[in-house]
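Just so it is clear, none of the values below were taken in a lab; they were calculated from the coordinates. These numbers were taken from a predicted model, which means no experiment stands behind them. Every residue, glycine among them, receives a Cβ derived from its backbone with ideal geometry; neighbour counts consider all protein chains shown.
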Amino acid sequence: MAHIVSIVNQKGGVGKSTTAVNLASYLALFGKFVLLVDLDPQGNATSGLGHSPQEAMGTYEAIAGTHRAKDLILKTAHEGLHILPGSPNLAGASVELVNEFNRERKLHTALLEVRNDYDYIIIDNPPTLGLLTINGLVAADSVLIPVQAEYYALEGLGQLMQTISMIQESIKPELQIMGAMITMFDPRTKLANQVLEELYKYFPEKIFRSVIPRSVRLAEAPSFGQSILHYDPESKAAKAYERLAREFLLRESQ
C-alpha cells in the first residue's frame, strides 16, 4: 500500500509544485513506483511533467466521481512515475463539494482503488487552506511543508499547523508531519540563515537537512515540461533534489 505524502503550504511561490515534481522524479529514478496527484487548479505539476492542464481530465473528475482515478492516470517521461493531472476545473470543486456528504474525503475515496499500485503517492496542493487542501490532507499519511528562505516565509505557518491539528483531532488522528524543508536558499544572505534558525524552532527534529538552492535552471525546467532530473541533471538544484529524495527514503526506512 502506497505511503501518501501531501505537500502543503498555503503561501504561494514557495516551491510546492517544484518539490512535488522533482521529489517524485527522483523517487522513480531510485526504483519506486510513484503517482503524482495534482490538486492545484493552476496545474503546475501537470505542465511541469509535459502535460496540458487545459486538455487532460484528471483529479477533478476523480473527486467528482464521474470517472475512476485508474482511468485518468497518465504516464510521464520518467519510468515508474505517473500523474493524475490537475486542471482549471478544480477551481470550482470547492463550491461544488460544499453540500456533498463526506466532502473532505472525496480524494481519499478516489485514491483507494489505485493505492496498492504504487509505493508512493505525492499530492501537490493549492496555495490555500480551503476544501481542496483539506482533501489533500485527509487523503495523506504524512505532510511535507516546503518553506521559502525569505522574509515573511513563516507567515501563516501557525495557521497551517492549526489546520493540521484540527484534521488530526477531528478526522484523521494518524496524520503525521514528516517535516519541513527549505527552498530557494541563498547561503550568502543573513536573512536566509535566520529563516532556517526560526524553522528549527517550529519543527525541532523534523527539518530536512537537504536544502534546495535558489536556481535559474530549476525555474527554467517547467517551461520545457521537464523535471530538473531531465533538464539539467548535473546542476546544483538537481543534486539537491537527489539528496532530498535519498533523505526522504532514509526517513521512511527508520
Original post:
In a GNM of the chain with a 10 Å cut-off on Cα contacts, which of THR133, THR59, THR189 has the highest mean-square fluctuation?
Top reply: THR189
Original post:
So what's the gap between the Cα centers of region 26-105 and region 210-254, to the nearest angstrom?
Top reply: 21
**OP:** Could you check which residue among ARG188, ARG214, ARG105 shows the biggest mean-square fluctuation in a GNM of the chain with a 10 Å Cα cutoff?
**Re:** ARG188
Subject >> Residue order, fewest to most surrounding Cβ atoms within 10 angstrom, among VAL216, VAL8, VAL195 >> reply: VAL216, VAL195, VAL8
Subject >> Listed residue pairs exceeding 22 Å between alpha carbons, taken from LYS11/LYS201; LYS16/LYS70; LYS106/LYS172 >> reply: LYS16/LYS70
Original post:
Assuming R0 = 25 Å, what is the FRET efficiency of ARG209 and GLU169, from their Cβ-Cβ distance, to the nearest 0.05?
Top reply: 0.25
Original post:
For ARG243 and LEU112 in one chain, what is 0.36 nm times their gap in residues minus the Cα-Cα distance, to one decimal in nm?
Top reply: 44.1 nm
**OP:** Return the loop-located GluC sites (Glu not before Pro) in region 10-105 (DSSP other than H, G, I, E, B) with at most 10 other Cβ atoms within 10 Å of their own Cβ; answer none if there are none.
**Re:** GLU55, GLU79
Original post:
For the chain, with equal point scatterers placed on the C-alpha atoms only and solvent neglected, what are the log10 I(q)/I(0) values from the Debye formula at q = 0.07, 0.13, 0.15 1/Å, to two decimals?
Top reply: -0.21, -0.75, -1.03
**OP:** For region 49-90, divide the Cα radius of gyration by the Kirkwood radius and give the resulting Rg/Rh value with two decimals.
**Re:** 0.96
Original post:
Which of the DSSP-defined H helices in the chain satisfy a minimum axial length of 15 Å, computed from C-alpha atoms, and a minimum mean Kyte-Doolittle hydropathy of 0.5?
Top reply: 16-29
Subject >> FRET efficiency, ASN193 to ALA77 (Cβ-Cβ, R0 30 Å, nearest 0.05) >> reply: 0.25
Original post:
Using only the Cα atoms, what convex hull volume per residue in Å³ does region 1-88 have?
Top reply: 98
Subject >> Beta bridge orientation in the chain: antiparallel %, DSSP, nearest 5 >> reply: 5
Original post:
Whats the longest run of the chain with zero chymotrypsin sites (Phe, Trp or Tyr not before Pro) that are DSSP loop and have at most 13 other Cβ atoms within 10 Å?
Top reply: 153-254
Original post:
Stretch ASN102-TYR151 to full length: gain in nm at 0.36 nm per residue minus the Cα-Cα span?
Top reply: 13.9 nm
